[in-house]
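Each remark here refers to the structure printed beneath this line.
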Amino acid sequence: MASRIPLVIDTDPGIDDALAILLALASPEVDLQLVTAVHGNVGLAQTTENALRVLHLAGRSDVPVAAGAAGPLVHPIPERAGHVHGAAGLGGVELPASPAALDPRPAVVALAELLLAHDPGTVTVAPIGPLTNIALLLHVFPEAAARIGRVVWMGGSATRGGNVTAAAEFNAWADPEAAAAVLGSGLPVTMVGLDVTLPTVLTETGIARFRDGGGHVGATAAGVLRQYVDAARDRYGIDGVVVHDALALTEAIVPGTLTTVRRDVVVGTTLGAARGQTLVDRRSVAEHGVEVAEAVDSAAAVEFLVSRLETYGA
Ligand code: RIB
Ligand code: CA
């Protein structure tokens, strides 16, 4: 097997964040070396605690968790996503506390030290929440940020409008200034947005497979998803859930899973109706810009996720 990809997940767990972390831990292609928590779906204290507990659930409390930004760079956000993910962020499921202590370093320091300890271009960073931590890394430790191999971000939307407002996807909306900084930084960013996540629906059939065949971890993951499934049915009338973050991690684990096109992307940072919109210029292929995911084999992506989660029952 080729050498494993050193991986950092920057996350705001979050139900689909939890599935994404479990997917990474079940994937031998990557070596999850650090989890950095960020504000987002719920507050930072909760996202940090949830990250510790999800790692412990999978028996991987050895992976360090460092806490990052408690809020956006500039403007506070009016609401979080507790109504979707549950007040505590994991669908009302209380996972056992981790025996591991929180890494005492701030997230940007932990991330910078990891990047400086690896050869340039080897580490994949998968932000699956607002980009506040990554923007801070760019400003505080630019020499470390320049060593990132890939940024695979769940966020934005080219053609599917928004999910938190008519214009904006949640991770972009939660910190548009951070998104603008990262997408405009020149870092090799792959944007995994609603265009490819919304068509990729994990149905009850798939959930049942890892619920029944994925051991304690699979059964717990299915329980964490329950609120998400009910919300998706009530809100979108679909039979299943869109596990946005897990699709981004699939691309991080197997580069090239998604069909991407390099595009110029501008992020709306005004305080008006377009705040957080990712305006993707699809008129041409950009010289620099961002690799925007524009097509996906949704059935294959769901099968990848389900089959990997089933391995927890092996
Ligand atoms: O828009 C979906 C994104 O917002 C996902 O990362 C989900 O966890 C929420 O943070
Ligand atoms: Ca998330």
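The values are calculated or read from the model by the stated rules, or taken from the named source; none is laboratory data. Predicted model only: the values in this text are computed from it and were never measured. Note: ideal-geometry Cβ built from the backbone for every residue, glycine included; neighbour counts use all protein chains shown. To get the accessible areas, we keep the full protein, side chains included, count just its heavy atoms, and leave off ligands, DNA and RNA. Shrake-Rupley method; radii C 1.70, N 1.55, O 1.52, S 1.80 Å.
I'd like the full set of residues that are under 14 Å from L183 (Cα atoms) and touching a residue at least 60 places away in the same chain (Cβ under 8 Å), limited to the stretch 269-289.
T269, G276, Q277, T278, V280, H288, listed by residue number.
Among the residues of the stretch 257-278, is any on the phi > 0 side of the Ramachandran plot and away from ligand 2 (no atom under 15 Å from the Cβ)?
For the stretch 257-278, residues on the phi > 0 side of the Ramachandran plot and away from ligand 2 (no atom under 15 Å from the Cβ): absent.
Limited to the stretch 239-256, what total is found for residues that are in contact with an Asp or Glu (Cβ under 8 Å, 6 or more places away or on another chain) and within 14 Å of ligand 2 (Cβ to nearest atom)? Break it down stepwise before answering.
Narrowing the stretch 239-256 to residues in contact with an Asp or Glu (Cβ under 8 Å, 6 or more places away or on another chain): 239-246, 253-254.
Next cut, within 14 Å of ligand 2 (Cβ to nearest atom) only: 241-246.
Matching residues across the stretch 239-256 total 6.
Just the residues that are among the small types (G, A, S), in contact with a strand residue (DSSP E or B) (Cβ under 8 Å, 6 or more places away or on another chain) and modelled with pLDDT of 95 or more, please, taken from the stretch 185-242.
G193
Pick from the stretch 165-196 the residues that are part of a loop (DSSP other than H, G, I, E, B) and acidic (D, E): which of them is nearest to ligand 1 (Cβ to nearest atom)?
E169
Please count how many residues of the stretch 123-164 are of a type in the set (A, V, I, L, M) and not in a strand (DSSP E or B).
Restricting attention to the stretch 123-164, the residues satisfying the condition of being of a type in the set (A, V, I, L, M) are 123, 125-126, 128, 131, 134-138, 140, 144-146, 148, 151-152, 154, 158, 164.
Now narrow it down to the ones that are not in a strand (DSSP E or B): 128, 131, 134-138, 140, 144-146, 158, 164.
Summing the residues that are of a type in the set (A, V, I, L, M) and not in a strand (DSSP E or B) in the stretch 123-164 gives 13.
Within the stretch 170-189, track down each residue that is of a type in the set (F, W, Y) and within 14 Å of the chain's Cα centre (by Cα).
Across the stretch 170-189, the qualifying residue is only F170.
D12: among the acidic types (D, E), within 13 Å of ligand 2 (Cβ to nearest atom) and either open to solvent by less than 20 Å² (accessible area, probe 1.4 Å) or at pLDDT 95 or above (or both), yes or no?
Working: among the acidic types (D, E): yes; within 13 Å of ligand 2 (Cβ to nearest atom): yes; either open to solvent by less than 20 Å² (accessible area, probe 1.4 Å) or at pLDDT 95 or above (or both): yes.
The answer is yes for D12.
For the stretch 157-178, what are the residues that are away from ligand 2 (no atom under 13 Å from the Cβ) and touching a helix residue (DSSP H, G or I) at 6+ places or on another chain (Cβ under 9 Å)?
Those that are away from ligand 2 (no atom under 13 Å from the Cβ) and touching a helix residue (DSSP H, G or I) at 6+ places or on another chain (Cβ under 9 Å): S157, A158, T159, R160, G161, G162, T165, A167, A168, E177, A178.
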